[in-house]
Structures are given as C-alpha cells and as structure tokens.
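Some notes on the structure that comes next.
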Amino acid sequence: MTDAEVQLDASRKTIEIRRFSTGVHEILTPKSGGGTYAGGDSAIMENFADAILTGQTGLVLASVADSLDSHLLAFAAGESRRNHQAVDLADFEKKIGDARD
C-alpha cells in the first residue's frame, strides 16, 4: 500500500506529490543533469562503457538483479495507475513470470 501519488510532469520538469493521509501537496523541481532521466541514462551508459573498456566491473552502477527489480517496480506502478488500485508486488511479479512461461 502507499500513502501518496507521485506524478512526473516532463514538460514542466516537476515532480508532484500528493499525500493521501495528510492532504499535503508539494511540487518538486529537481536539478537537470542533462540527457534523459536527468542524466541518469548517460551516467549508466558511460559507466558501463568504462567497465567494458577497463575490465573494472565495479564501475557498473547497478546489478542485473537491481535493474530487473527497478523495472518490475515501474511496471507495477503503471498497472496501479491504470487500475486505480494498489498492486501487491509479489503477486505482480508472479503474474509477470507466469506470462513469460
């Protein structure tokens, strides 16, 4: 369950947070790092390329498992938004896994 709704407005470059229990509404304006996802994509790819070129796997910013978990969370958030209800992450992961079989 969650106590807030988080919405990105890419055109205004803001993040809007509405807390259900308190009614608090705030708008955040993060600093831009350039590129997509506030520069995150660029940083990930630069570190990945450096790791390949130098053989230093410690330069990779996220493990495959962490990357899969973050994508699962993003897809579950989309499902929650579309259906207007909370998503149990373990059930959602099983549903996604069953769909691949």
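Longest exposed-loop-site-free stretch of the chain, with trypsin sites (Lys or Arg not before Pro), DSSP loop and at most 16 other Cβ within 10 Å? Don't skip to the end; give the middle numbers.
Details: sites that count: 12, 13, 31.
The longest such stretch corresponds to 32-101.
Could you compute the FRET efficiency for residue 12 and residue 45, with r as their C-beta to C-beta distance and R0 at 30 Å, rounded to 0.05? Present the calculation step by step, with values, prior to reporting the outcome.
On the way: r = 26 Å, r/R0 = 0.87.
That pair, residue 12 with residue 45, gives E of 0.70.
Given contacts defined as C-alpha pairs under 8 Å and at least six residues apart, what's the relative contact order of the chain, whole-number percent? Write out the running numbers ahead of the final one.
Details: 80 pairs, mean separation 14.6, N = 101.
Contact order relative to length: 14 percent.
For the chain, find the longest principal axis of its Cα atoms and tell me its angle to the long axis of helix 89-100, 0 to 90°, nearest 10.
Once rounded, one gets 60 degrees.
Which of the aspartates and glutamates could a cross-linker span from residue 31 if the Cα-Cα distance has to be under 18 Å and same-chain partners fewer than 8 positions apart are dropped?
Correct list for residue 31: 9, 16, 41.
Any read-out appearing in this document is the output of simple, stated calculations on the displayed coordinates, not a laboratory observation. The structure presented is a predicted model; accordingly, all values stated were derived computationally and were not measured. All Cβ positions, glycine included, derive from the backbone under ideal geometry; neighbour counts span all protein chains shown.
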